[in-house]
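K.L.:
Quick one: the structure is below, and I'll ask about it shortly.
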Ligand code: C2E
Ligand code: MG
Ligand code: MG
Ligand code: MG
């Protein structure tokens with residue numbers, strides 16, 4: 001029986017691996033048609049001013065509505081898209097649609113929200129084409145360059161340093177803002193930050209998890225704030241989920257605020273309602 005049990009276990013594990021393998025393979029194949037089949041859509045998460053009163057910007061976040069599997073999170077399919085060389089097309093799709101949609105929304109609502117768009121490592125491999133696309137889309141949509149923020153992830157900047165510096169400089173020449181995303185969880189040092197001439201640093205939400213409950217975490221976050229503040233970098237703190245966290249961050253050096261406390265990512269159609277509801281709570 002023991003032997004059977006063991007065999008059974010191995011057999012079972014074997015099957016799950018096969019299932020997982022097949023599942024991932026299917027997803028990769030399905031990704032190839034996802035743009036043509038209109039399976040991607042964008043949600044937008046508000047980025048609030050330091051007091052948490054007004055929306056300053058929105059961050060575009062991609063979602064994949066898979067016909068059989070349902071909604072698949074970006075952290076799940078983006079690595080697959082990068083592996084299979086499909087991230088360039090998907091990234092281009094995001095830029096085209098996000099700029100077009102927010103420009104229209106801004107005009108219809110008489111507002112001028114900025115737009116933050118994430119760009120991943122695989123997209124940076126086609127840096128020249130990426131810049132060309134951004135130029136083309138901004139011109140076509142007449143979206144002001146200074147209202148566009150390109151977010152690059154800190155851990156992606158460690159490799160191919162010169163390429164990244166070059167990319168950042170190209171963006172800055174156009175008055176496009178550059179944000180360093182997920183700051184503090186990567187392997188790069190503060191010195192590395194000095195070499196990258198970014199406008200905005202987005203502090204990873206892991207720093208907030210124990211704030212203000214943990215004294216150490218709170219002290220660390222305070223230290224990060226004052227260092228970056230002295231460097232003249234605009235801050236965004238991600239992952240604000242509670243009023244306590246909002247109060248803590250609001251009291252510090254002018255960081256912008258982003259997190260579920262204000263709003264989860266929503267469809268653009270819902271943004272106006274969300275904004276009005278939020279403004280009502282301030283009265
Ligand atoms: P990110 O750029 O750091 O985006 C913020 C993520 O944190 C989003 O997850 C958002 O839903 C989540 N978030 C925001 N506020 C809170 C909060 O208060 N609590 C918690 N627990 N989470 C919060 P999402 O949409 O699942 O995206 C995950 C990552 O996938 C993004 O992290 C980004 O790196 C990547 N991604 C998403 N959309 C795109 C895209 O269009 N292009 C590229 N290249 N990457 C994207
Ligand atoms: Mg981001
Ligand atoms: Mg990101
Ligand atoms: Mg982030």
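K.L.:
Take the conditions under 17 Å from residue 150 (Cα atoms) and either away from ligand 3 (no atom under 16 Å from the Cβ) or not in a helix (DSSP H, G or I) (or both) and apply them to residue 222. Does it pass? Can you show your working first?
P.N.:
Working: under 17 Å from residue 150 (Cα atoms): no; either away from ligand 3 (no atom under 16 Å from the Cβ) or not in a helix (DSSP H, G or I) (or both): yes.
Criteria not met by residue 222.
K.L.:
Out of the residues in region 129-151 that are in contact (Cβ under 8 Å) with a residue 40 or more places away in the chain and part of a strand (DSSP E or B), which is nearest to ligand 3 (Cβ to nearest atom)?
P.N.:
Across region 129-151, the extreme among qualifying residues is 151.
K.L.:
Quick one: which residue in 232, 175 is modelled with pLDDT of 95 or more, within 27 Å of residue 49 (Cα to Cα) and assigned to a loop (DSSP other than H, G, I, E, B)? If you could, list the steps in order and put the result at the bottom.
P.N.:
Working: 232 fails: modelled with pLDDT of 95 or more.
Criteria check complete, one pass: 175.
K.L.:
Would you be able to say whether some residue in region 138-157 is more than 27 Å from residue 52 (Cβ to Cβ), in contact with a helix residue (DSSP H, G or I) (Cβ under 8 Å, 6 or more places away or on another chain) and within 16 Å of ligand 4 (Cβ to nearest atom)?
P.N.:
yes
K.L.:
Please enumerate the residues belonging to region 235-257 that are modelled with pLDDT under 90 and within 22 Å of the chain's Cα centre (by Cα).
P.N.:
Across region 235-257, the qualifying residue is only 254.
K.L.:
Right, next: Specify which of the listed residues (120, 112) is touching a residue at least 24 places away in the same chain (Cβ under 8 Å) and within 16 Å of ligand 4 (Cβ to nearest atom).
P.N.:
On the way: 112 fails: within 16 Å of ligand 4 (Cβ to nearest atom).
Just one listed residue meets the conditions, 120.
For (1) surrounded by 15 or more Cβ atoms within 10 Å (Cβ to Cβ); (2) on the phi < 0 side of the Ramachandran plot; (3) more than 15 Å from ligand 4 (Cβ to nearest atom), each residue gets a yes or a no:
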{"position": "200", "(1), (2), (3)": "yes, yes, no"}
{"position": "225", "(1), (2), (3)": "yes, yes, yes"}
{"position": "245", "(1), (2), (3)": "yes, yes, yes"}
{"position": "271", "(1), (2), (3)": "yes, yes, yes"}
{"position": "275", "(1), (2), (3)": "yes, yes, yes"}
{"position": "279", "(1), (2), (3)": "no, yes, yes"}
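The values are calculated or read from the model by the stated rules, or taken from the named source; none is laboratory data. Quick caveat: nothing in here was measured; it's all calculated off a predicted structure. All Cβ positions, glycine included, derive from the backbone under ideal geometry; neighbour counts span all protein chains shown.
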